[in-house]
Amino acid sequence: MNALLITGCLKVLNKPVLFTCEHGGNRIPPHYFSLFKGKSAVLESHRGWDPGALELAKQLAADSGAPLIFSETSRLLVDLNRSLHHHNLFSEFSRQCDAGTKQHIIDHYYVPYRQQVENAIDELFETHRFVLHYSIHSFTPRLDNYQRKTDIGLLYDPRNGAEQTLCINMQKNMQKLSSRWLVRRNYPYRGNADGLTTFLRKKHAGQNYYGIEIEVNQKYVGRSREWESICNLIASVIKHSINAF
């Protein structure tokens with residue numbers, strides 16, 4: 001199966017900005033349906049995808065006039081935001097596959113997506129002195145009986161001064177525009193943990209690559225007025241950040 005059937009790309013490379021969404025859907029290619037028989041509930045849950053993330057990513061890319069690369073393949077088949085060596089690259093459903101099947105999944109879904117992102121960044125560096133990469137995600141409000149206490153998370157590498165300054169300014173601007181939303185930095189995850197932005201920082205060491213993950217609380221997905229408000233806030237602040245960077 002061609003991975004591009006469940007991977008999308010909206011590309012306008014006239015700005016030094018790229019948006020990606022690694023967990024934009026919970027689709028399973030037909031060849032692997034048997035691995036997930038009777039597992040529709042987990043596929044629909046936060047484990048199967050990041051609800052709302054792709055919708056937000058499309059709005060941000062459209063508002064910013066920047067490219068978007070996204071996947072709608074469920075992370076329970078293969079997690080595009082993990083390194084090949086990571087123990088959670090495959091879920092308990094796909095981990096049971098033999099080595100040949102796993103390699104097929106990597107070759108047809110993981111590698112094409114990651115290569116598409118790398119190619120886009122390489123293209124941007126051909127005409128721009130820096131690249132801003134926003135990786136868009138959402139998170140479950142409760143995990144393992146722990147209530148996540150934020151609405152928007154801005155993730156970055158604390159050792160990277162430019163990324164840190166960018167996120168501090170984004171946080172301040174969000175709070176100025178609306179005191180309603182709780183915005184935290186490097187929460188609910190660490191911005192330098194294993195992931196696509198961490199990989200790309202290493203690949204482009206010595207170049208002006210800046211990778212920011214934006215995490216939005218899933219509890220607002222489906223609550224139309226609140227979701228629209230939080231998406232518009234993020235879009236406004238990102239446009240300002242791009243112009244001011």
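Laboratory data are not the source of any read-out in this text; all were calculated from the coordinates shown. Here the structure is a predicted model, which means the values were calculated and not measured. Cβ: placed from backbone, ideal geometry, glycine included. Neighbour counts: every protein chain shown.
Data overview
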read-out: Ranked packing of 203-216, 158-171, most packed first, by mean Cβ within 10 Å; value: 203-216, 158-171
read-out: Relative contact order (%) - criterion: Cα under 8 Å, at least six apart; region: region 116-200; value: 30
read-out: Residue-by-residue Karplus 3J(HN,Hα) for region 76-86, coefficients 6.51, -1.76, 1.60, Hz, glycine and proline x; value: 6, 7, 7, 8, 6, 9, 10, 6, 4, 8, 6
read-out: Burial order of peptide ranges 105-118, 178-191, 54-67, 31-44 (average beta-carbon count within 10 Å, highest first); value: 54-67, 105-118, 178-191, 31-44
read-out: Footprinting exposure proxy for 127, 20 (fewest neighbouring C-beta atoms within 10 Å first); value: 127, 20
read-out: Too-long pairs where the Cα-Cα distance tops 31 Å, listed order kept, from 15/39; 202/239; 102/202; 15/176; value: 15/39
read-out: Hz values of 3J(HN,Hα) by residue in region 169-174 - Karplus curve (6.51, -1.76, 1.60), Gly and Pro given as x; value: 5, 4, 4, 4, 5, 4
read-out: Residue-averaged [θ]222 nm for the chain, counting only DSSP H segments that reach four residues, each worth -39500 (n - 2.57); value: -11000 deg cm²/dmol
read-out: Bins of 5 Å from zero: percent of alpha-carbon pairs in region 189-233; value: 5, 19, 20, 13, 11, 15, 11, 5, 1
read-out: Residues whose placed amide H lies under 5 Å from that of residue 187, excluding near-sequence neighbours; value: 154
read-out: Neighbour-count order for 197, 101, fewest beta carbons within 10 angstrom listed first; value: 101, 197
read-out: Relative contact order of the chain, pairs being alpha-carbon contacts under 8 Å that are 6 or more residues apart, as %; value: 24
read-out: Debye log10 I(q)/I(0) at q = 0.15, 0.17, 0.18 Å⁻¹ for the chain, Cα point scatterers; value: -1.05, -1.35, -1.50
read-out: Per-residue HN-Hα couplings for region 152-159 [Karplus 6.51, -1.76, 1.60; θ = phi - 60°; Hz; x = Gly/Pro]; value: 10, x, 10, 10, 7, 7, x, 7
read-out: Which of 194, 144, 79 has the fewest Cβ neighbours within 10 Å, and the rest in rising order; value: 144, 194, 79
